[in-house]
1. What percentages make up the Cα-Cα pair-distance distribution of region 85-167 when the bins are 10 Å wide from 0?
2. Which entry in [x] 37; [y] 33; [z] 51 is this structure's computed percent of Cα pairs over 29 Å apart?
3. Could you state the accessible area per residue of the chain in Å², with a 1.4 Å probe and every protein chain left in place?
4. For region 247-304, state the semi-axes of the equivalent ellipsoid (square roots of 5 times the eigenvalues of the alpha-carbon gyration tensor), sorted largest first and rounded to whole angstrom.
5. Need one number: nm distance between label points at T293 and T93, each 7 Å from Cα along Cα→Cβ, rounded to one decimal.
6. Figure the gain on full extension for V139 and D268 (residue separation times 0.36 nm, minus the Cα-Cα span) and round it to one decimal in nm.
7. Quick one: Cα centre-to-centre distance for region 105-140 and region 233-281, in angstrom?
8. Could you sort 49-60, 175-186, 153-164 so that the peptide with the highest average Cβ count within 10 Å comes first and the rest follow in order?
Amino acid sequence: MKKISKFVLVFCCLCLSLNSYASGYTQTKYPIVLVHGIFGFDDVLGIDYFYKVPYALSRSGATVFVAAVSAANSSEVRGEQLLTEVEQILALTGAEKVNLFGHSQGAQTIRYVASVRPDLVASATSIGGVNWGSKVADVVRGALPPGSLTESIIASIANSFGTILEWFSGNGGLPQDALAATEVLTTQGSLAFNQKYPEGIPSQYCGQGDLIAPNGVTYFSWSGGKAFTNVFDILDAPILTASLAFDEPNDGLVASCSSHLGYVLKNDYRMNHVDEINHTFGIHHLFETDPVTLYRQHANRLKNRGL
């Protein structure tokens, strides 16, 4: 009898899992637009930045677009690029608004659009977003004396890398400015950005922001809180090294509290900054929720809110 009960339980769980992939589970009212962080891309040689996320969302009903913005530039420049894409998406789909998902610097990028054109944005979701700055960016910027030869050389290399990424992703021609990107991700740069685009930002560090901001846009955020998550992931070691810049819980590149924006769903998933986008190739902590599942659950959350 116990064996039969266990079988029935497993079978029911399997049915529920399959049902979540049934048509309509992620079918939001408005299209979902995914926006990458610094030195990100939409896809390179068929490999998604948001690894397997677009397919998983669209498979069960969502209309999904992956934005093409500069790999390295200021959040305002990237924001203007995203705004152009949003306008094109709305013209193409006939939708009135979009749901924006931004990872890392992508969080600032979507916040810019939501702030300057809230009429086009239903929701803005920050994933490991640099909303209060990153101490890693502070260290990097502090190591490059302004106007120095070192700064010029490093910036040139970084800009070239960004250009190569754009070329491989089929988005050649987008401007690159690694110094501007790094500057806006520092603590000082992020706080200045928040002064200009304050919607969704909590009134104090590590606090909860407004779920629905005065501009009418719904804001969410989530992030990881563990730098090293899987011994088989080749990126975990450098991320662990970067995490030494922090004296508080972090995902290796962004402090958990710094990621707060709007309604904070969770800030301590056993995920690092790369796990949050389901890389490296889906390797993540063995005892944590599959990152793709988080995106699907959030799409369903937006759907249930009529977004």
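The values are calculated or read from the model by the stated rules, or taken from the named source; none is laboratory data. Since the structure is predicted, the reported quantities are computational estimates derived from the model, not experimental observations. Cβ sites come from the backbone with ideal geometry, for glycine too, and all protein chains shown count toward neighbours. The area values use the complete protein model at the heavy-atom level, side chains included, leaving out ligands, DNA and RNA. Shrake-Rupley method; radii C 1.70, N 1.55, O 1.52, S 1.80 Å.
1. 16, 30, 31, 18, 5
2. Label [y] holds the value from this structure.
3. Values: 13810 Å² over 307 residues.
Ligands and nucleic acids excluded, the result is 45 Å² per residue.
4. Values: eigenvalues 72, 57, 15 Å².
Output for region 247-304: semi-axes of 19, 17, 9 Å.
5. 2.6 nm
6. Numbers: separation 129, 0.36 × 129 = 46.44 nm, distance 2.34 nm.
Between V139 and D268, full extension yields an extra 44.1 nm.
7. 16 Å
8. Working: 49-60: 20.4, 175-186: 21.9, 153-164: 16.1.
In descending order of packing, they fall as 175-186, 49-60, 153-164.
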